[in-house]
1. For region 285-301, enumerate the residues that are closer than 26 Å to residue 271 by Cα and either near the ligand (Cβ under 10 Å from one of its atoms) or exposed (fewer than 15 other Cβ atoms within 10 Å of the Cβ) (or both).
2. It is to be established whether one or more residues within region 156-166 are assigned to a helix (DSSP H, G or I) and in contact with a helix residue (DSSP H, G or I) (Cβ under 6 Å, 6 or more places away or on another chain).
3. Could you please find all residues in region 323-358 being within 13 Å of the ligand (Cβ to nearest atom) and charged (D, E, K, R)?
4. With (1) polar (S, T, N, Q); (2) out of contact with any helix residue (DSSP H, G or I) (no Cβ under 6 Å at 6 or more places or on another chain); (3) in contact (Cβ under 8 Å) with a residue 60 or more places away in the chain as the list, and residue 100 as the residue in question, which single condition is left unmet?
5. Could we say that residue 62 is free of Cβ contacts under 8 Å to residues at least 24 places away in the same chain, surrounded by fewer than 23 Cβ atoms within 10 Å (Cβ to Cβ) and touching a strand residue (DSSP E or B) at 6+ places or on another chain (Cβ under 8 Å) here?
6. Quick check on region 147-166. Is at least one of its residues of a type outside the set (S, T, N, Q), under 26 Å from residue 249 (Cβ atoms) and within 19 Å of the chain's Cα centre (by Cα)?
7. Mind checking which residues of region 359-388 are near the ligand (Cβ under 8 Å from one of its atoms), assigned to a helix (DSSP H, G or I) and over 21 Å from the mean Cα position of the chain (by Cα)?
Amino acid sequence: MILHEKIAAQLPEWRARVTKLVKEKGEVIVDKVSIGQVYGGMRDIKSLVTDISFVDPATGIKFRGMSIPEVLEKLPKPEGATIPYVGALFYLLLIGEVPTKAEAEAVEAEWAKRAKVPAYVYDVLRAMPKDTHPMVLFSQAVLALEGTSEFARRYKEGMKKDVYWEPTLEDALNLTAKLPVIAAFIYHLKYGDGKEPEYDPKADFGANFARMMGVKDKGYEDLSRLYFILHSDHESGNVSAHATHLVGSALSDAYYAFSAGLNGLAGPLHGLANQECLGWLISVRDQFGGVPSREDLYKFAWDTLNSGKVIPGYGHAVLRVTDPRFTAQLDYAKQHFPEDTLVRIAELVYDVVPQVLKEQGKAKNPAPNVDAISGTLQYYYGVREFDFYTVLFGVGRGLGVMANLVWARALGQPIERPKSVTTAMLEEAAAKAE
Ligand SMILES: CC(C)(COP(=O)(O)OP(=O)(O)OC[C@H]1O[C@@H](n2cnc3c(N)ncnc32)[C@H](O)[C@@H]1OP(=O)(O)O)[C@@H](O)C(=O)NCCC(=O)NCCS
């Protein structure tokens, strides 16, 4: 299998590089840590390593050094599509090179072979109360698949440490292949007739998801590709990526680890923000019966701030410019449905809100993030169940965190065990510093 061969070929050099660095330069100090950071959610402390993606505060996410516009331009696309294969992105994340069309299709073919979800998983989900949150169902389905883990099976048999990555790659492919199927099933179970989706081996990951969802507009196939690519990875410190890595570091397999990542993604400070953004845009539309004037929107934004709320979709913990994932989605909407009312409102908000946030002077970054528009695009295609949006995010995020888990195993990353201190110790350190 192509991914296996390519990683195996790269591994000796990577292992030598990391071993040399840690052995010879392990004492070199990378960063100082302040009391504010220790008490402040470890913000900005450099303590994780990934070569798969990096968020530059001044330019945004780079996947293996490539910006979003480069990724969208250079990765191979299915016939007639405007957005690349999701399989091409997964190849880029895992191998660090732009695949040929044949290589991207080889990844898609691996997924097609592995997409069938065992019947008992559907039974588990059907047995849950009807009002169960879609993210609970998603996380449960992933955990229910744990019994199929190749890593767990081989570990029990006593495999050597230097091959841990091989069954992890198998698990990563088996799991990511099933994510769009599980997500589409959850959609039908929660909001429709509960039918079990069928994966078409002749179509790619993005097209399959769109069709399994039952969205008739062919444009949703490209949007699905775009959505999964943009949401795949955002370096390693965000909650879903870090939770997956942390649990995986105990040698828990891909299913345990990703289920944990999804539980983190379900939090309102992480993956849930996209539905709040769409809610805010809809409240603008409803208040003004369509697209408001600049002045009306300016006042509406100030009213939101004055009532003690944040403007959802704006600001970021790391980024200091407009999120390129926002730009890619806005460009897509402007190309395909520029007259849509919510798209026009989102555009106007982009024009007005940064100014308002600058005047307020609190937010370090007054520019939009990925969530400012992602729900609007789903809404256009008729996927209007807000609760479901985090599941979509989870399908995309699975790609990034699984690529990371494979490399964490390949490079023998150890169990995570940071040290905690007491408040008294910090007070003592503060007194000494004075
Ligand atoms: C994303 C977010 C959580 C980052 O938080 P952060 O790193 O603490 O951001 P900052 O350092 O810029 O925050 C400084 C102040 O500006 C405020 N601020 C930041 N973004 C704001 C926004 N969009 N609207 C209003 N106020 C905002 C913060 O609430 C904070 O106020 P405080 O000092 O009274 O607590 C924050 O920008 C936010 O709440 N945005 C809106 C929600 C959202 O879009 N979430 C999705 C994130 S991908």
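Every number here is computed from the coordinates shown, using simple stated rules; none is lab data. No experiment lies behind these values; they were computed from the predicted model shown. Note that each Cβ is placed from the backbone with ideal geometry, even for glycine, and that neighbours are counted across all protein chains shown.
1. Passing the criteria: 286, 301.
2. For region 156-166, residues assigned to a helix (DSSP H, G or I) and in contact with a helix residue (DSSP H, G or I) (Cβ under 6 Å, 6 or more places away or on another chain): present.
3. 323, 325, 358, listed by residue number.
4. Just one mismatch for residue 100, condition (3).
5. Yes: the conditions hold for residue 62.
6. No, region 147-166 has no match at all.
7. Selection gives 360 alone.
For every residue, the table says whether it meets (1) away from the ligand (no atom under 16 Å from the Cβ); (2) under 22 Å from residue 180 (Cβ atoms); (3) polar (S, T, N, Q).
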{"residue": "234", "(1), (2), (3)": "no, yes, no"}
{"residue": "239", "(1), (2), (3)": "no, no, no"}
{"residue": "247", "(1), (2), (3)": "yes, no, no"}
{"residue": "256", "(1), (2), (3)": "yes, yes, no"}
{"residue": "271", "(1), (2), (3)": "no, yes, no"}
{"residue": "279", "(1), (2), (3)": "no, no, no"}
{"residue": "283", "(1), (2), (3)": "no, no, yes"}
{"residue": "303", "(1), (2), (3)": "no, no, no"}
{"residue": "307", "(1), (2), (3)": "no, no, yes"}
